[in-house]
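The block underneath contains the structure these notes are about, expressed in structure tokens.
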Amino acid sequence: MLKLFFAGTATYVGYQFFPYMGDTLIQQSVSLLHVKDPLFKRIGASRLSRFAIDDERRMKVVELGGAQELLHMLGAAKDDKTRKEALKALAALSKSGTQNASGFFNSSFAADEAANFLGSKGALSIVKSTPDSSEDTDISTYKSNILKKLDDKDLAVSSS
């Protein structure tokens, strides 16, 4: 009887804590992008950039509206820290692929889909209009990576 009680308690506690991992945590991070406070937006963008490590998670972020919210965040950003986190997350979503064991890069379908989504939502004009920072060179790096990826997608679409 004691073992059954312990198993039930462990199941209940696990159910209460583990929803904060995985998809639910991605949803919460996207929800943070809706808040008006720039600090919470930066926290949400930082989380999304860490989650965008594989194709499945990148697509989940795009499906939940995270890419669109990051574009809104970038367009409305008034400080360099917020711009940097938004650009970092957008760069993570549009990464070109993953490195396999032989050292070659595999083309990533989800990254291509994320880049296509960003291209269709006018990300190119938003990213281009983002001012560079004289204090933080990471902004220019993330910005150029995103622009290169979107330009590559544009060239691939126009040549097809």
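The values are calculated or read from the model by the stated rules, or taken from the named source; none is laboratory data. None of the values given here were measured: they were computed from a predicted structure. Cβ sites come from the backbone with ideal geometry, for glycine too, and all protein chains shown count toward neighbours.
Of all the helices (runs of 4 or more DSSP H) wholly in the stretch 1-95, which have at least 3 residues that are more than 11 Å from the chain's Cα centre (by Cα), closer than 25 Å to SER140 by Cα and not acidic (Asp, Glu)?
Ranges flagged: 38-51, 66-76, 80-93.
Quick one: is LEU118 modelled with pLDDT of 80 or more and among the aliphatic types (A, V, I, L, M)?
Judged against the criteria, LEU118 is not a match.
Are any of the residues in the stretch 66-73 at pLDDT 70 or above and in contact with a strand residue (DSSP E or B) (Cβ under 9 Å, 6 or more places away or on another chain)?
no
Under 9 Å between Cβ atoms, at least 6 apart or on separate chains: pull out the pairs that start in the stretch 69-85 with a residue that is farther than 13 Å from ILE43 by Cα and surrounded by 18 or more Cβ atoms within 10 Å (Cβ to Cβ) and end on any residue that is at pLDDT below 90 and hydrophobic (A, V, I, L, M, F, W, C).
Close Cβ pairs satisfying both conditions: LEU71/LEU118; LEU71/ALA123; LEU71/ILE126; LEU71/VAL127; LEU74/ALA123; LEU74/ILE126; LEU74/VAL127.
From the list PHE6, PHE18, exactly one residue is modelled with pLDDT under 80, farther than 20 Å from ALA67 by Cβ and hydrophobic (A, V, I, L, M, F, W, C). Which is it?
PHE18
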